[in-house]
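Derivation of every value follows stated rules applied to the coordinates shown; laboratory data play no part. Quick caveat: nothing in here was measured; it's all calculated off a predicted structure. Positions of Cβ are backbone-derived with ideal geometry, glycine not excepted, and every protein chain shown enters the neighbour counts.
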Amino acid sequence: MLKKDKKHKIRCPECGAKEVFVDESRGERICSKCGLIINEDMVDFQQDWRAFNSEELEKTARTGAPLTKTRHDKGIGTEIGKSQAELFRVSSSKRGQYFRIKNWQKRLVSSKDRNFGYAMSELERVSSSLNLPRNLQEEIGTMYEKALEEGLVKGRSIEAVIGSLVYALSREYGSPRLMSEICEVTGVNKRDLGRTYRYIARKLNLRVVPAKAINYVPRCATLLNLSDKTQVKAKQYLKKIKSEEDVSGKGPIGLAAATLYISGLMNDEFVSQRKIAEAIGVTEVTIRNRCKDIARTLGIEEKVETKIKELEEIQKE
């Protein structure tokens, strides 16, 4: 049965016609005007079976999951009896044999694979807590394997190495995470994480790009439960003051926090400076000073003061 080829814009090399038909049974692409066979023996990449639920799809699929760097065996390894309940499904005569095979499999795993397996489970836990994108997880898995091969993990905790890679690579991918929240998730103190981060970045030649305040806005807004409208306004403010001398050289997290505070005031979505400081990990003094710099640079000092007075009056009532 001939079908019109709508996916590919192909012109017939013989007559120049644009209308081309596809014969799926023969694997041919035919010109509708002169009948020239443009392509033949085409490969059909569509599946040749039907599945109406996940169980049928799993039974009929001929391939497994794609290779991934977030698993120590790239996702193609097998494990005998993941849980004790699975081993009790076999007959009692074979159960002892399977127990022995399972124990031998654990003994034969190398220390490198054991370390990498634990590290990837830690990465999955951290990624779930921090909502890291999949491509970033793959890159962290690749860099951890490289650090393991070069012996950079010796003498350092796996949590500290994973946390330092998350901090460095998340900035490179344009979705930075705060060091305070990485410390909270990994359980590593800020001093150890900073020391490990500097060592790993130097040894692996990681190009740690300077953080931009505008990249911190979405994450900080999520921690404060602010609306998209407030985030957009904060980004607009930061784009306007990008090249101004009053805010150049200031900390990006403090700038992002202060901009969100001002944009929240303008959108009648008030969040106190104390709440912002506790959620983001900066001091109230920093937010107050950055607010003054941003308001002066944008020329909205009077509007900000008016909004603050209105809120104070409402709170008194």
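In nm, what is the difference between 0.36 nm times the number of residues separating Lys112 and Glu19 and their Cα-Cα distance? Let's see the in-between values first.
Details: separation 93, 0.36 × 93 = 33.48 nm, distance 5.82 nm.
Answer, rounded to one decimal: 27.7 nm.
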Q) Shape of the stretch 111-203 from its Cα gyration tensor (a ≥ b ≥ c, root eigenvalues): rounded if a/c is under 1.5, otherwise prolate when a/b > b/c, or oblate? A) rounded
Q: Would you work out if the stretch 213-316 is rounded, prolate or oblate? Take a ≥ b ≥ c from the square roots of the eigenvalues of the alpha-carbon gyration tensor; rounded if a/c is under 1.5, else prolate when a/b is larger than b/c, oblate otherwise.
A: rounded
Q: Please turn the phi angles of the stretch 202-208 into ³J(HN,Hα) values with the Karplus equation 6.51 cos²θ - 1.76 cosθ + 1.60 (θ = phi - 60°), one per residue in order, whole Hz, x for glycine and proline.
A: 6, 6, 8, 6, 6, 7, 7
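Over the chain, what is the mean sequence separation of C-alpha contacts under 8 Å (at least six apart), divided by residue count, expressed as relative contact order in percent? The partial results should precede the final answer.
On the way: 339 pairs, mean separation 27.4, N = 317.
Dividing the mean separation by the residue count of the chain yields 9 percent.
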Q | Excluding exposed DSSP-loop chymotrypsin sites (Phe, Trp or Tyr not before Pro) (at most 12 other C-beta within 10 Å), longest clean stretch of the chain | A | 89-317
Q: Evaluate E = 1/(1 + (r/R0)^6) for Trp104 and Tyr199, where r is the Cβ-Cβ distance and R0 equals 41 Å; express this FRET efficiency to the nearest 0.05.
A: 0.65
Q) How far apart, in nm, are the 7 Å Cα→Cβ label points at Ser227 and Ser272? A) 2.2 nm
Q. Of the GluC sites (Glu not before Pro) in the stretch 112-151, which ones lie in a loop per DSSP and count no more than 15 other C-beta atoms within 10 Å?
A. Glu150
(Q) I need the calculated FRET efficiency for the pair Lys250 and Val208, taking r as the beta carbon distance and R₀ as 22 Å, to the nearest 0.05. (A) 0.70
Q) Does the chain come out rounded, prolate or oblate, given a ≥ b ≥ c as the square roots of the eigenvalues of its C-alpha gyration tensor, rounded meaning a/c under 1.5 and, failing that, prolate meaning a/b above b/c? A) oblate
Q. Charges only on Cβ, +1 for Lys and Arg, -1 for Asp and Glu: so what's the dipole of the chain about the Cα centre, in debye to the nearest 20?
A. 920 debye
(Q) Quick check: the distance between the Cα centres of the stretch 193-224 and the stretch 114-134, to the nearest angstrom? (A) 17 Å
Q | Loop-located trypsin sites (Lys or Arg not before Pro) in the stretch 113-162, at most 14 other Cβ atoms within 10 Å (DSSP) | A | Lys154
